[in-house]
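Accompanying notes for the structure given below.
Taken together, the values in this text are just the output of simple stated rules run on the coordinates, not laboratory data. This structure is a prediction, so every number in the text was calculated from the model and none was measured. With ideal geometry, Cβ positions are generated from the backbone for all residues, glycine too; neighbour counts draw on all protein chains shown.
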Amino acid sequence: MSEPLPQFVQRRAPAWDELAALIDASKGRTGRLEPTAIRRLGVLYRQSAADLAQARRRLPGDPVTVRLEQLVRAARPLVYGNVKDRQSVGHFVTTGYWRRVRERPVFLLVAVLLTFVPALALGAWTNANPADAARVARASPMTAPLADGQGRDPDTQKVTDPVKNSAFAAQIFTNNARVALMAYAGGLTAGVLTIIVLIQNGAILGLAAGLTNQAGTGTSFWRLVAPHGVLEMSLIVVAGAAGLRTGWALLHPGHRTRAEALSVDGRAGVEIALGTAALLVPTGIVEGFITPRGLSLPIALAVGLTLGAVFWGLVLWRGRPAT
């Protein structure tokens, strides 16, 4: 903003007053504006938003900036708030979910780092300090058997009974859904619980991999984990990204109120959580019916990498932004 403040205010104040008048008119008896007034409202909103950007850079905290913030905040829902994008279930399955996953890649990247950096770090530490790692593993029922070298053997502990497989698959789906729900819902704690869930899952993976490697059963471990693990960890990361997005909306709503930010990003998070929960079903089926059959390592890796490639391929392909 090169012109002096008095001239800037004098030049732009009539437009701000007009915008304020339209906002007041929208709150009148009918609550409706004429089509010409609505179009004018949109023009004035965009102009005032541009003025606000300039004022914030040069005059943070100035009464002029405060007034502009109030105007823009009040006008925004009038311009955009009633626009509803109602889509069919088919569109959500084929396009909507994948776009939601892809549209905020920063949160995906953060979720990946929060999951796999602890996994790699704890795996390396476990290999270097197996005795200390065994003591840590005994603190959790999920890793306690591995501390005593009692990992599952995919060759001698096969499960091929359909009834047992079905029960196992249902149990796994329930557990995975609980973890994914916690990763997403943790966003309501400003993302703190989400961060804890992601780090914990990565740490368990790294600890288990390190312990089995030290015990000489690393191949068996990956034979059991690989078929479902790539897709399962991908879905947990995606649920975590949705939780981080919700938490960021609470912490940093921008020019919106926290309620408005949570309404927008919270809706996106719910859509991601629903789609992710649905995709946990095939993960549970693989873990319940395929993993227990004692697959060889190459086949186990092929199954897991194929499922992971299909998922991320759909994110890249079907998640492309609308033109």
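Between the Cα long axis of helix 162-185 and the first principal axis of the chain there is an angle of about 30°, rounded to the nearest 10.
When Rg and the Kirkwood radius Rh are both evaluated on Cα atoms of region 5-80, their ratio Rg/Rh stands at 0.99.
Relative contact order for region 89-318: 33 percent, from Cα pairs under 8 Å spaced at least 6 residues apart, divided by residue count. The length gained on full extension between Val270 and Arg58, counted as 0.36 nm times the residue separation minus their Cα-Cα distance, comes to 72.5 nm.
In degrees between 0 and 90, to the nearest 10, how far off the longest principal axis of the chain does helix 258-285 point, with axes built from Cα atoms? Compared with the principal axis, the helix lies near 20 degrees.
Rounded to the nearest 0.05, the FRET efficiency derived from the C-beta distance between Thr219 and Trp317 at R0 = 41 Å is 0.75. Using only Cα atoms and rounding to the nearest 10 degrees, what angle (0 to 90) does helix 297-318 make with the longest principal axis of the chain? Here the helix axis deviates by roughly 10 degrees.
Think of each Lys and Arg Cβ as +1 and each Asp and Glu Cβ as -1; about the Cα centre, that makes the dipole of region 176-268 roughly 100 debye. For region 90-106, the Karplus equation 6.51 cos²θ - 1.76 cosθ + 1.60, evaluated at θ = phi - 60°, returns couplings of x, 5, 5, 5, 8, 9, x, 4, 5, 5, 4, 5, 8, 5, 10, x, 4 Hz by residue, with Gly and Pro reported as x. Taking 51 Å as R0, compute the FRET efficiency from the Cβ-Cβ separation of Ala21 and Ala121 and round it to 0.05. Between Ala21 and Ala121 the formula returns 0.30. A simple spin-label model places pseudo-atoms 7 Å from Cα toward Cβ; at Ile38 and Ala167 they are separated by 6.0 nm.
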